[in-house]
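K.L.:
Structure provided below as structure tokens; questions to follow.
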Amino acid sequence: MNRFAFLNHYLDARLVYEHIRLPGLQRISQFTLKRLITYLPPYRYLKIGPVHSQSGAQAIGIGIACPLMPEHFVTLKPRRVLRKLVAAAKIGERFGAKIIGLGGFTSVFGNEGLEIAQYLRTPVTSGNTYTAALAIQGLAKAADILGYHLSECQVA
């Protein structure tokens, strides 16, 4: 079965508090938390699939958390961010991923993944296709909730 990996990061401190289960973490200030997570290693946090394409192909994947927040991509030294992203992507390689998708700011950093790809054997994609697919899925769900038939709608 085909395998893939998808890298992501935390959007804000609230998500860190929710997803990292460490005793006493809730008592740490957001300022300290933001500094602390930059020292945590990337980790696998999600099993995806199996997913099935319309052609019948199947794939399984994993989500990999790269413990950074959006501001870290511009405030930390680029080399440090790159090392962390490469370490996260290597988790995907060890999983046997045939492609690694970049989500959030991981796709913006390093020329849409070109820098990261230099350190890997596995192809890297910006993740923009996944984002577009989620947008279409959300649009279809919203139309259904509102009672619209997409075939009768004009969408931009």
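The values are calculated or read from the model by the stated rules, or taken from the named source; none is laboratory data. None of the values given here were measured: they were computed from a predicted structure. So basically every Cβ, Gly included, is an ideal-geometry build from the backbone, and we count neighbours across all protein chains shown. Just so you know, the surface numbers come from the protein's heavy atoms only, side chains and all, with ligands and any DNA or RNA stripped out. Shrake-Rupley method; radii C 1.70, N 1.55, O 1.52, S 1.80 Å.
K.L.:
Taking segment 63-91 on its own, how many of its residues are surrounded by fewer than 20 Cβ atoms within 10 Å (Cβ to Cβ) and closer than 22 Å to Leu11 by Cβ?
P.N.:
Just the residues of segment 63-91 that are surrounded by fewer than 20 Cβ atoms within 10 Å (Cβ to Cβ), to begin with: 63, 70-71, 73-80, 82-83, 86-87, 90.
Pick out the ones that are also closer than 22 Å to Leu11 by Cβ and you get 63, 70-71, 73-78, 80, 82-83, 86-87.
So the answer is 14.
K.L.:
Sort out which residues of segment 92-130 are under 19 Å from Tyr45 (Cα atoms), open to solvent by 80 Å² or more (accessible area, probe 1.4 Å) and not basic (Lys, Arg), and write them in order of number.
P.N.:
Result: Phe105, Tyr130.
K.L.:
Give the residue, chosen from Pro78, Pro67, that is out of contact with any Ser or Thr (no Cβ under 9 Å at 6 or more places or on another chain) and on the phi < 0 side of the Ramachandran plot.
P.N.:
Details: Pro67 fails: out of contact with any Ser or Thr (no Cβ under 9 Å at 6 or more places or on another chain).
The unique qualifying residue is Pro78.
K.L.:
Which residue, of Tyr39, Tyr45, is open to solvent by 70 Å² or more (accessible area, probe 1.4 Å) and within 12 Å of the chain's Cα centre (by Cα)?
P.N.:
Values: Tyr39 fails: within 12 Å of the chain's Cα centre (by Cα).
Just a single option satisfies the conditions, and that option is Tyr45.
Here is a yes/no grid of residues against (1) closer than 29 Å to Ala97 by Cβ; (2) of a type in the set (Asp, Glu):
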residue	(1), (2)
Leu7	yes, no
Glu18	yes, yes
Leu25	no, no
Tyr45	yes, no
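K.L.:
Another question, if that's okay. For segment 22-33, indicate whether the set of residues that are assigned to a strand (DSSP E or B), of a type outside the set (Lys, Arg) and touching a residue at least 12 places away in the same chain (Cβ under 8 Å) is non-empty. Break it down stepwise before answering.
P.N.:
Of all residues in segment 22-33, those assigned to a strand (DSSP E or B) come to none.
No, segment 22-33 contains no residue that is assigned to a strand (DSSP E or B), of a type outside the set (Lys, Arg) and touching a residue at least 12 places away in the same chain (Cβ under 8 Å).
K.L.:
Okay, next question. Restricting to segment 1-19, and then to whatever is assigned to a loop (DSSP other than H, G, I, E, B) and within 16 Å of the chain's Cα centre (by Cα), can you tell me which residue is nearest to Lys90 (Cα to Cα)?
P.N.:
Going through segment 1-19, the residues assigned to a loop (DSSP other than H, G, I, E, B) turn out to be 1, 9-12.
Remaining after also requiring within 16 Å of the chain's Cα centre (by Cα): 9-12.
Values: His9: 16, Tyr10: 19, Leu11: 22, Asp12: 24 Å.
Result: His9.
K.L.:
Which condition number in (1) open to solvent by less than 80 Å² (accessible area, probe 1.4 Å); (2) among the charged types (D, E, K, R); (3) more than 19 Å from the chain's Cα centre (by Cα) is the one that Arg27 fails?
P.N.:
(1)
K.L.:
Which residues, taken from segment 128-156, are of a type in the set (Phe, Trp, Tyr) and within 28 Å of Leu102 (Cα to Cα)? Steps first, answer last, please.
P.N.:
Kept after step one, since they are of a type in the set (Phe, Trp, Tyr), are these residues of segment 128-156: 130, 148.
Correct list: Tyr130 only.
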